[in-house]
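Here is the structure we will look at, set down as structure tokens.
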Amino acid sequence: MGFDLKNINGREPLKDYPWRTEIDRLLEWLKHQKPHAQGFCFDVVMSMAYIDATSGLEKHIEGCNNAPSKFNAHLGFINLCSPCYSNAEKWSYQKAVKPQSGALGKLSSEVILRFIEKLYPELHEVVAVGGTEAADAVLKHSSGMIILAEAKSAPLLTYPFIFKVGDSCLNGEHEKITITTSQLRECDSAIYFHNGDKVDLGKVGGSLWPFKPLVDFMVNPINSKTINSCIEGWLEAKEAYSKKDRTNRMYYLANASGSPPKIAKDRDGWPKKESISDSKTSAGMDRTDDIKKAIYQSLKIGTHIKSDSNIKTAIISNLPAYRHGNEYITPFIKMYWGLDDDLVEMQGAKAIMLKDLRRAFDFVITLEEPILRDINL
């Protein structure tokens, strides 16, 4: 079987999004930062992309008395209100806002591909494919190697947004506000980082909101102390997520944290059947269904390109599978496979030559702890 690269219909990652120039500006800044900043920035970008992809924004915002400074309303992407939890130790339920799953998958895939393209200089061309094609992306390495990749990415943390709405729009603590689209466009806004920091983003209706004002803030050296503090909070959340450490306050703000503790229901009226976030929101490639599909796709691609040693396979994500890597990824790292047709007679037995074997996947390309074997990125 062959694999016709010429007939693959692809595009530059994020080409269809007007805010791509702002992401590129952030990525240029990111090249000069510490490695952990990359994972943090992916989560920041995805939080902005989520709110950009949310239709009828005004229908999802609720009043919040624990938002900092002048702000009095909140919208988030997990079911827990972060300002209430961080500032008042209160378990306030607010239904998470999520774009449609199709749009969300396309967004996360294209964002991580743009990160990979800009942050790994040895990859001089990255094409997003997706759709019904065999691979999500085609990457060209400076060595001439072609990499066909399956992309599975998801943020560790999603950062909520807070707003200053008119008092007449409020209907009570964590009740939906009453506001029109045009009124909301005139409201001040900010992104809320779970460590208590916030970044003012100006009017909701501002040019390239929220991307431009947030990138302006992040790339300004004056704000490095605030950004470093936010990165430290992200690292704490990564540690709590990886170890499932429920004693760490950041655990419940990370994705896939499950249900809150009993006190949330008994004291703060948390709905009995609701979680904060479930396993479908696992960080990076950590959702088991995604791992299984990614490995299967790598094997499937491999059957098409088996005879071409210059074409490799990869799984791409923002983070490795911290919770499920040992069970679902590690067993396949050293695995080789071959076909019946490759069997040859050798000293009275049948065997397959190493040159006729392929790996289950050649690389796992991530922002942290990638599996690169013998290539440089």
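The values are calculated or read from the model by the stated rules, or taken from the named source; none is laboratory data. As the structure is a prediction and not an experimental result, all values here were calculated from the model. Heads up, the Cβs are rebuilt from the backbone with ideal geometry, glycines too, and the neighbour counts pull from every protein chain shown. Side chains are part of the model used for accessible areas, which takes the heavy atoms of the whole protein and leaves out ligands, DNA and RNA. Shrake-Rupley method; radii C 1.70, N 1.55, O 1.52, S 1.80 Å.
The residues of region 63-85 that are buried (at least 20 other Cβ atoms within 10 Å of the Cβ) and of a type in the set (Gly, Ala, Ser), listed by number, are Gly63, Ala67, Ala73, Gly76, Ser82.
Of all residue pairs spaced 6 or more apart or on separate chains, those with beta-carbon atoms under 9 Å, a first member in region 162-174 that is under 15 Å from Leu201 (Cβ atoms) and a second member that is among the hydroxyl-bearing types (Ser, Thr, Tyr) and open to solvent by less than 60 Å² (accessible area, probe 1.4 Å) are Ile162/Ser189; Ile162/Tyr192; Phe163/Ser189; Lys164/Ser189.
Restricting attention to region 310-317, does a residue exist that is surrounded by fewer than 16 Cβ atoms within 10 Å (Cβ to Cβ) and outside any helix (DSSP H, G or I)?
Our first condition is that a residue be surrounded by fewer than 16 Cβ atoms within 10 Å (Cβ to Cβ); within region 310-317, this holds for 310.
Okay, now just the ones that are also outside any helix (DSSP H, G or I), so 310.
There is at least one residue in region 310-317 that is surrounded by fewer than 16 Cβ atoms within 10 Å (Cβ to Cβ) and outside any helix (DSSP H, G or I).
Going by the structure shown, is Pro83 of a type outside the set (S, T, N, Q), in a loop (DSSP other than H, G, I, E, B) and touching a residue at least 24 places away in the same chain (Cβ under 8 Å)? Against the criterion (of a type outside the set (S, T, N, Q), in a loop (DSSP other than H, G, I, E, B) and touching a residue at least 24 places away in the same chain (Cβ under 8 Å)), Pro83 does not qualify.
For (1) in contact (Cβ under 8 Å) with a residue 12 or more places away in the chain; (2) in contact with an Asp or Glu (Cβ under 8 Å, 6 or more places away or on another chain); (3) at positive phi, each residue gets a yes or a no:
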position: Asn195; (1), (2), (3): yes, yes, no
position: Leu208; (1), (2), (3): yes, yes, yes
position: Tyr252; (1), (2), (3): yes, no, no
position: Ser257; (1), (2), (3): yes, no, no
position: Arg267; (1), (2), (3): yes, no, no
position: Ala294; (1), (2), (3): yes, yes, no
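Take the residues of region 323-377 that are among the acidic types (Asp, Glu), without any contact (Cβ under 8 Å) to a residue 60 or more places away in the chain and part of a loop (DSSP other than H, G, I, E, B): which is nearest to Lys293 (Cα to Cα)? Among those that are among the acidic types (Asp, Glu), without any contact (Cβ under 8 Å) to a residue 60 or more places away in the chain and part of a loop (DSSP other than H, G, I, E, B), it is Glu369.
For region 150-159, the condition of being closer than 28 Å to Asn255 by Cβ, charged (D, E, K, R) and open to solvent by less than 10 Å² (accessible area, probe 1.4 Å) holds for at least one residue.
Taking Ala128 as the residue in question, decide whether it is crowded, with 19+ Cβ neighbours inside 10 Å and farther than 23 Å from Asp197 by Cα.
yes
One residue stands out in region 331-353 among those that are more than 22 Å from His304 (Cα to Cα) and open to solvent by 60 Å² or more (accessible area, probe 1.4 Å): the one that is nearest to the chain's Cα centre (by Cα), namely Pro331.
If you check His141, His174 for being under 20 Å from Pro68 (Cβ atoms) and either surrounded by 20 or more Cβ atoms within 10 Å (Cβ to Cβ) or at pLDDT 95 or above (or both), only one passes: His174. Taking (1) open to solvent by 50 Å² or more (accessible area, probe 1.4 Å); (2) touching a strand residue (DSSP E or B) at 6+ places or on another chain (Cβ under 8 Å) in turn, Pro271 satisfies each apart from (1). Annotation: of all residues in region 17-62 being of a type in the set (Val, Ile, Thr) and modelled with pLDDT of 95 or more, the one that is most open to solvent (accessible area, probe 1.4 Å) is Thr21. Please verify whether Ile162 is crowded, with 24+ Cβ neighbours inside 10 Å, assigned to a strand (DSSP E or B) and in contact with a strand residue (DSSP E or B) (Cβ under 6 Å, 6 or more places away or on another chain), treating the condition exactly as stated. For Ile162, the condition - crowded, with 24+ Cβ neighbours inside 10 Å, assigned to a strand (DSSP E or B) and in contact with a strand residue (DSSP E or B) (Cβ under 6 Å, 6 or more places away or on another chain) - is met.
Give the number of residues within region 88-101 that are open to solvent by 80 Å² or more (accessible area, probe 1.4 Å) and either in a helix (DSSP H, G or I) or over 18 Å from Tyr159 (Cβ atoms) (or both).
Here the count works out to 3.
For Asn195, are the conditions met, namely being open to solvent by 30 Å² or more (accessible area, probe 1.4 Å), at pLDDT below 95 and not aliphatic (A, V, I, L, M)? When the stated conditions are applied, Asn195 passes them.
Within region 354-377, the set of residues being under 31 Å from the mean Cα position of the chain (by Cα) and among the basic types (Lys, Arg) comprises Arg358, Arg359, Arg373. For region 217-228, check the following and say yes or no: at least one residue is modelled with pLDDT of 95 or more and part of a loop (DSSP other than H, G, I, E, B). So far as region 217-228 goes, yes, one or more of its residues are modelled with pLDDT of 95 or more and part of a loop (DSSP other than H, G, I, E, B).
If you go through region 208-263 and keep only what is within 30 Å of Asp289 (Cβ to Cβ) and open to solvent by 80 Å² or more (accessible area, probe 1.4 Å), you end up with Glu239, Lys243, Lys244, Arg246, Thr247, Arg249, Lys262.
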